[in-house]
Amino acid sequence: FPTSYTKALECYQYAHNEGYLIATYNIALHHFSNNNYSYGRELIEQCINGGYASGYFAKGYGYQFGKYGYPVDKAKALALYEEGARKSDVKCSYYAGSMYMVGLSCTPNYDKALYYLEKAAMFGDVESKYLTGLMYFDEKYGKRFYEKAVYNFEEAANLGHIKAMSYTGLCYLNG
């Protein structure tokens, strides 16, 4: 089957014109990749206003890393990730959790980190499963609970996460 970005964009444009927000999101990503940030941001706003949670991720990512013509504003990024997480966007949950875990633009908050990471892990996000395991494994996060650590490490390892497999072994070694 031949690859055709032109045909893909035509299909997305048709679906976008019919109000299908996933297509709107994909068109925005296309414009971002072609440095047409203004129109891409306009489309992301349409996604957010229409209730498409991934729009919060794209905008938050833009603010966190200074991408797509957004200025770096990590606090704004965190707020956008949290809003997207409330609307069940897995990537938003992961990013909010990881920001709270390390204290990026905020005071570290391990309860919030664990809340968001467990939410993303529940939807199958492998890195969230690993980080959740790490939070239960390492007492610096305040919740040492080996059974939950092993469970999350094994879940991540079964999905191919090598560090999680190593930590699983460490848990079994230490009992």
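The values are calculated or read from the model by the stated rules, or taken from the named source; none is laboratory data. Not measured: the values here are computed from a predicted model. Cβ coordinates were reconstructed from backbone atoms using ideal geometry, including for glycine residues, and neighbour counts include every protein chain displayed. For the accessible areas, the whole protein counts, side chains as well, though only heavy atoms, and no ligand, DNA or RNA atoms are used. Shrake-Rupley method; radii C 1.70, N 1.55, O 1.52, S 1.80 Å.
Annotations
- Reachable lysines from residue 112, criterion Cα separation under 18 angstrom, eight or more residues apart if same chain: 74, 76, 87, 91, 129, 140, 143, 148
- Rg to Rh quotient for the stretch 76-175, alpha carbon positions, Kirkwood Rh: 0.99
- Probe 1.4 Å, protein heavy atoms only - accessible area per residue of the stretch 1-134 in square angstrom: 51 Å²
- Förster radius 41 Å - calculated FRET efficiency between residue 37 and residue 139 (Cβ-Cβ, nearest 0.05): 0.40
- Only helices enter this figure: runs of n ≥ 4 DSSP H residues, each worth -39500 (n - 2.57), summed and divided by the residues of the chain, yield -23000 deg cm²/dmol at 222 nm to the nearest 500.
- The smallest convex shape that holds all Cα atoms of the stretch 1-136, its convex hull, gives 114 Å³ per residue.
- Rounded, prolate or oblate (a/c below 1.5 giving rounded, otherwise prolate when a/b exceeds b/c) for the stretch 1-66 by Cα gyration tensor: oblate
- Selected from 110, 56, 15, residue furthest toward positive end of dipole (the chain; charges at beta carbon): 110
- Cα gyration tensor shape for the stretch 38-85, rounded if a/c is under 1.5, else prolate or oblate: oblate
- To the nearest ten degrees, helix 146-158 and the longest principal axis of the Cα atoms of the chain are 50 degrees apart.
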